[in-house]
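Contents: one structure, followed by commentary.
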Amino acid sequence: MDSLVFMEYALAGLIRFWLLCSDYRQTVADRVEVSTPLNSWKRVTEGAFLYNEGINPYDGDLFHETPLGLFVFKYMIQRLSQWLGVIFIICDLLTAHLLYRTACIYMKELIEKQTLEKSSYAKDTQGLLLRNEDLKLSPIYVASAYLFNPYIILNCVGQTTTVFTNLCLAATYLMMVKGQQLPCCFALAMATLQALYPAMLVVPASLYIAKKNTCGMSDRCSQIYSPWATCGLFACVLFFLLYFSSQLSGSWTFLHSTYGFILNVPDLRPNIGLFWYFFTEMFEHFRPLFICAFQINAAFLYLVPLTLRLHEEPMLLATSLTALTAIFKSYPCLGDVGFYLALLPMWKHLFNYMQQGFVVSCFFIITSVLGPIVWHLWIYSRSANANFYFGVTLAFATAQIFLVTDILFAYIKREFSLHFGLQREVNGKAAKLVLE
Amino acid sequence: MVYSKNDWNKLLKMVCFILVPFWILNVGQCLVQKDRFDEELLLKPLPSGHVYAYFQFTTVWDAPSGPQMFQHCHLFPRALGEVAGRHNVQELHVTLTEGLWRYEYWGFPVSDAAPGAELWTWFRNDTKDVDNIWKKLTGALSGLLCASLNFIGTPNSLSPEYSFRPTGVVKNSNLNSSFVRYATLPREIVCTENLTPWKKLLPCDSKKGFASLLNAGHIHNTNYHSLGLHIRPVCKDAKCTEVSIELRQTVSLVYDMMILGFQNQDWSLRKLFGLGLSGPCPLATSSFIYVDVTSNETGTPYQLQPEPTEVITSIRGGYESKFKVYNIQKMSFTHMLNIVATYSTPKVYAVNVPPVLYASRYIVGYGQERGGIVTKIHNNHWKHLDIIYLENIPWFLPIYLHTLRVVAGGKEITPILKKYVPGKERSRPYSLEVLLRIPARSVTEIYIEFDYVFLKWQEYPPDANHGFYIGSAIISAYLPVGKNYMGLPQAGPTIYSSFNASREGFLLQLRTESLIITLPTPDFSMPYNVICLACTVVALAFGPLHNITTKRLCMKDGNSCNGLLIRLKSMLFKGRKPQAQAH
């Protein structure tokens, strides 16, 4: 099994290396779906260049990385410019490996939980149960879904800084399932520092860590305190990183160019998200209102209800929050989409209950093909207009929404079936499952 | 009461005593307010067959300093004076130009101007809140000249560090570029409504003197016309203990005689301006017409009618030029003066010898995603030249400084100095100044990449697909030779002072073409549709997630959980069922 995984790493590395060395690299890096103003490597280069020239990169409009990022990337560009491609590949492979390890641990946990609760399950649910081979298969699927996902490959070849955000996120997931509080908080703070939206993963992370660390013990007190401790620790680490950044850049003005830029959405360059055309066509008077509405929708709206519903299953909570952010954030890119897609094979056992798999995959394929075509028609041959591309991004977002809601429905249905059996009968009559 | 003759005399004496001092004071004030007005016209046939006419009206005023400086004006236009005085202006340069000066074929003009409107100002060192006062100044000037100068504000103004030095006297030599503002409106269209208020600033208006030649119909059918207004402080005397104010009003016109419908190359005042000259402006200290006849010695010669009053040979920077001078004040006017130039043989065009330095600029790349700006600077001098290149890029065209490449003859040149102020969305343009040493007899290419920005739908002009203009780049250099150079020396205000004015270097500021790009446009008819569709997609997520999180799954038998139709039916027939049972 392990040799298979290493084969996969080697192959995925080779594919990325070949693409990075080919002429496609620039083409991919220039795609709006891959590079957004927030993660494009060209802007990072510009920022580092300005910094070397003695000009504050946050004075201009092009650079939106944090000072910490600026410092690291500047070093990479100056000292390791020969190895840039290799660094990106290694980070991507490392992300895949972290996710693989996460899946291994998580699947083991699921099976342990299953054996514990088996007695309470309904009788006819043998077919629904996780089998021991899932323990091996799921992680391999996760790794493959990351390694050979075309979105992730494009993201790596396009050399976006999302590669590093994904690495931080993957580290967060691994530390979360391992129940290691401080490393988890640190990784999450790093991801938050760069992309802001991952901040809300602190909720599933703290729940998970609390559950993991107090497992077996009937110490209710620590179960209540632990989540707060994790949140507090996260806040401290994040503040420390921000303070460190401000010391690096000499002032707090970077906040406006980084988080201000994420929250206010001043750059309306098209991407795969919903913000760009909405705020291009927005009436100036309603702009602040809708910016607030859309940002709340992207960040907080689903946090509380989903936490209340899925607090037993923080991993699913974390994944669905990551997915919803990737759909609704202000500058989403394919790297974000690919990341949560790679997590889905952990819920391989739910796939039986998913109803829209075919529709969603058709949507994904069609929009992925149509997107670049209508972009070319609009921007280069000028025979289409912005509506075409907007339509494609809408369809893409719809497909992702279907996918997320479908997997949540599937989870609920499976839980129901486990506890109440597969029979759909009430008093001997055929019955239906409804949400009430 | 009856006055005797004595009383009358007494009264008159008293009145005299009271009034005379006032009268003397008044005369004194007039004497203190020394001012002079010179009108000049330079006519020059260009090597390309065009005719260049340059009018210059100079008012020099030894203005009393102080807050009431512009309250008593004689020849100086009070309207302009008040605008300059109120806004703490030290130097003011406005040009309104239609067309492009073709340096390669026409040589250098007397004063350069960028296409459209161009405005640059030095404020006094004690000015507070320069940005605010600059906005007010552009508003006032916009009213004065009927131009859209009020669209100039901080989002499209630069404070160049090296390119703009004060042209006049400066009290203390440490200059702070935070007091200079430069802006262009490349899209500005110059027309009669700008010419009329401009002419009203002249002492004789357009009634008398050279200004009577400026008729809108004959100005606006030229290939190039440029109105200028330049205020600067100059030295009152050689010691320079006191300063005077100089106002230079200029008009540059380039006529294409062939296009204007005359079958030959001959030109005359009447052909150019529609009528002859009726006499000098009575308020003018001097009125001169100069005709550049240098080309008579090398190219096809032309004869002038009537004979000039004087011939001047000027040697400047190693190059000799000849002028025929008409002193209008010394000529007698029985009828309109018409200076006629006739070519004895059809004009033969020689091979064009381009000037020492000229430039061109264009946009590369296709599509509306990313592109580059290329500026080619030609140096025809036998020695290297040091130039300052000022790039003025609007905020909606973000440039990447790390893509800046300066290449001459296949070799990359490292700029001696770079000054870059990154732009900010909707509040500041990108300004880049590069100090370069360009090699002898070379073409230097400056290349920089930019992105196309996607604007909000209300930020596009009504004709969105017409495109957006980018103002010209400015190339400043000190030319070591005076070839083709016609600019005025710094000390002298008149064209006359430029004769035989050899200096170590001749300050030249070239303006390149302004560019136009079409930014990608959204569909302007769609706002409601877009808002509805995007919100629908958000709702698509909200609905199911709301269901999942607020409801619980349960099993319902077929009857109790029927569709809407059946439920409606059951509600409708609720009343009837018991009846049926009753039967």
Complete set of residues in segment B:297-323 that are more than 18 Å from B:Ser497 (Cβ to Cβ) and of a type in the set (D, E, K, R): B:Glu297, B:Glu307
Entirely in segment B:480-565, the strands (runs of 3 or more DSSP E) that have 2 or more residues that are over 37 Å from the mean Cα position of the chain (by Cα): B:553-557
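For A:Ser81, are the conditions met, namely being within 14 Å of another protein chain (Cβ to nearest Cβ) and farther than 30 Å from B:Phe396 by Cα? Quick ask: steps written out before the conclusion?
On the way: within 14 Å of another protein chain (Cβ to nearest Cβ): yes; farther than 30 Å from B:Phe396 by Cα: yes.
Judged against the criteria, A:Ser81 is a match.
Does B:Lys271 meet the test of being charged (D, E, K, R), in contact with a Leu (Cβ under 8 Å, 6 or more places away or on another chain), assigned by TED's automatic domain parsing to the domain that holds B:Ser206 and over 27 Å from B:Leu195 (Cα atoms)?
Details: charged (D, E, K, R): yes; in contact with a Leu (Cβ under 8 Å, 6 or more places away or on another chain): yes; assigned by TED's automatic domain parsing to the domain that holds B:Ser206: yes; over 27 Å from B:Leu195 (Cα atoms): no.
So B:Lys271 does not fit the description; no.
Within segment A:230-254, how many residues turn out to be crowded, with 16+ Cβ neighbours inside 10 Å and of a type in the set (Gly, Ala, Ser)?
Of segment A:230-254, the ones crowded, with 16+ Cβ neighbours inside 10 Å are A:230, A:233-234, A:237-238, A:241-242, A:245-246, A:249, A:254.
With of a type in the set (Gly, Ala, Ser) added as a condition, the list becomes A:245-246, A:249.
Here the count works out to 3.
Of these, B:His402, B:His378, B:His384, which one is in contact with a helix residue (DSSP H, G or I) (Cβ under 9 Å, 6 or more places away or on another chain) and more than 30 Å from A:Gly260 (Cα to Cα)?
Values: B:His402 fails: more than 30 Å from A:Gly260 (Cα to Cα); B:His384 fails: in contact with a helix residue (DSSP H, G or I) (Cβ under 9 Å, 6 or more places away or on another chain).
Exactly one residue qualifies, and that residue is B:His378.
Could we say that A:Ser257 is outside any loop (DSSP other than H, G, I, E, B), within 14 Å of chain B (Cβ to nearest Cβ) and either more than 27 Å from the chain's Cα centre (by Cα) or in contact (Cβ under 8 Å) with a residue 40 or more places away in the chain (or both) here? Step through it out loud before you land on a result.
Details: outside any loop (DSSP other than H, G, I, E, B): yes; within 14 Å of chain B (Cβ to nearest Cβ): yes; either more than 27 Å from the chain's Cα centre (by Cα) or in contact (Cβ under 8 Å) with a residue 40 or more places away in the chain (or both): yes.
Considered against the rule, which asks whether it is outside any loop (DSSP other than H, G, I, E, B), within 14 Å of chain B (Cβ to nearest Cβ) and either more than 27 Å from the chain's Cα centre (by Cα) or in contact (Cβ under 8 Å) with a residue 40 or more places away in the chain (or both), A:Ser257 comes out as yes.
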Scope segment B:215-269; condition touching a residue at least 40 places away in the same chain (Cβ under 8 Å) and among the basic types (Lys, Arg); matching residues: B:Arg232, B:Lys236, B:Arg248
Filter pass, B:Phe164 being under 22 Å from B:Asp129 (Cα atoms), in the same structural domain as B:Thr121 (by TED's automatic domain parsing) and not aliphatic (A, V, I, L, M): yes
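Would you confirm whether any residue within segment A:186-202 is closer than 17 Å to A:Leu344 by Cβ, buried (at least 24 other Cβ atoms within 10 Å of the Cβ) and either at pLDDT below 95 or of a type in the set (Gly, Ala, Ser) (or both)?
So far as segment A:186-202 goes, yes, one or more of its residues are closer than 17 Å to A:Leu344 by Cβ, buried (at least 24 other Cβ atoms within 10 Å of the Cβ) and either at pLDDT below 95 or of a type in the set (Gly, Ala, Ser) (or both).
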Matching residues in segment A:16-36 - criterion: being buried (at least 17 other Cβ atoms within 10 Å of the Cβ) and either within 9 Å of chain B (Cβ to nearest Cβ) or not in a loop (DSSP other than H, G, I, E, B) (or both): A:Arg16, A:Leu19, A:Leu20, A:Val28, A:Ala29, A:Val32
Pairs where the first residue, in segment B:500-517, is free of Cβ contacts under 8 Å to residues at least 12 places away in the same chain and the second is of a type outside the set (Asp, Glu) and outside any strand (DSSP E or B), C-beta under 7 Å, 6+ apart: none
Cβ-Cβ under 6 Å pairs, at least 6 apart or on other chains, segment A:45-61 side more than 9 Å from every other protein chain (Cβ to nearest Cβ), far side among the hydroxyl-bearing types (Ser, Thr, Tyr) and buried (at least 19 other Cβ atoms within 10 Å of the Cβ): A:Tyr58/A:Ser257
Complete set of residues in segment A:378-393 that are crowded, with 17+ Cβ neighbours inside 10 Å, in contact with a Gly (Cβ under 8 Å, 6 or more places away or on another chain) and within 8 Å of chain B (Cβ to nearest Cβ): A:Ile379
Output for segment B:448-470, where each listed residue is more than 12 Å from chain A (Cβ to nearest Cβ) and in contact (Cβ under 8 Å) with a residue 60 or more places away in the chain: B:Phe468, B:Tyr469, B:Ile470
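For segment A:63-75, which residues satisfy the criterion of being part of a loop (DSSP other than H, G, I, E, B) and touching a Gly at 6+ places or on another chain (Cβ under 7 Å)? Don't jump to the end; show me each part of the working.
Of the residues in segment A:63-75, the ones part of a loop (DSSP other than H, G, I, E, B) are A:63-66.
If the condition is that a residue be part of a loop (DSSP other than H, G, I, E, B) and touching a Gly at 6+ places or on another chain (Cβ under 7 Å), then A:Phe63, A:Glu65 are the ones that fit.
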Of all residues making up segment B:449-472, the number that are crowded, with 21+ Cβ neighbours inside 10 Å, under 24 Å from the mean Cα position of the chain (by Cα) and more than 12 Å from B:Phe396 (Cβ to Cβ): 2
Residue match in segment A:397-420 (condition: assigned to a loop (DSSP other than H, G, I, E, B) and more than 22 Å from the chain's Cα centre (by Cα)): no
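Residue-by-condition table, conditions (1) small (Gly, Ala, Ser); (2) more than 8 Å from chain B (Cβ to nearest Cβ):
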residue: A:Leu343; (1), (2): no, yes
residue: A:Gly357; (1), (2): yes, yes
residue: A:Val360; (1), (2): no, yes
residue: A:Ala395; (1), (2): yes, yes
residue: A:Thr398; (1), (2): no, no
residue: A:Leu403; (1), (2): no, yes
residue: A:Phe409; (1), (2): no, no
residue: A:Lys429; (1), (2): no, no
residue: A:Leu433; (1), (2): no, no
Any hit, segment A:64-71, residues being over 19 Å from A:Trp252 (Cα atoms) and surrounded by fewer than 19 Cβ atoms within 10 Å (Cβ to Cβ): no
Qualifying residue in segment B:485-499 (condition: out of contact with any strand residue (DSSP E or B) (no Cβ under 7 Å at 6 or more places or on another chain), outside the structural domain of B:Ser111 (by TED's automatic domain parsing), aliphatic (A, V, I, L, M) and at pLDDT 90 or above): no
Counted residues, segment A:266-294 - those being more than 9 Å from every other protein chain (Cβ to nearest Cβ) and either closer than 30 Å to A:Lys211 by Cβ or among the aliphatic types (A, V, I, L, M) (or both): 3
Hits in segment B:189-200 - residues which are of a type outside the set (S, T, N, Q) and surrounded by fewer than 21 Cβ atoms within 10 Å (Cβ to Cβ): B:Ile189, B:Cys191, B:Glu193, B:Pro197, B:Lys199, B:Lys200
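Which one is farthest from B:Asp62 (Cα to Cα), of the residues in segment B:242-279 that are assigned to a strand (DSSP E or B) and acidic (Asp, Glu)? Talk me through it step by step, then tell me what you get.
Kept after step one, since they are assigned to a strand (DSSP E or B), are these residues of segment B:242-279: B:243-256, B:267-268, B:277.
Adding the requirement that they be acidic (Asp, Glu) leaves B:246, B:256.
Values: B:Glu246: 9, B:Asp256: 40 Å.
The extreme case among them is B:Asp256.
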For B:Pro429: the one exception among (1) more than 14 Å from chain A (Cβ to nearest Cβ); (2) in contact (Cβ under 8 Å) with a residue 24 or more places away in the chain: (1)
Odd one out for A:Arg414 among (1) touching a His at 6+ places or on another chain (Cβ under 8 Å); (2) at the interface with chain B (Cβ under 7 Å from one of its Cβ atoms): (2)
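The values are calculated or read from the model by the stated rules, or taken from the named source; none is laboratory data. None of the values given here were measured: they were computed from a predicted structure. Glycine also receives a Cβ, built like all others from the backbone with ideal geometry; neighbour counts cover every protein chain displayed.
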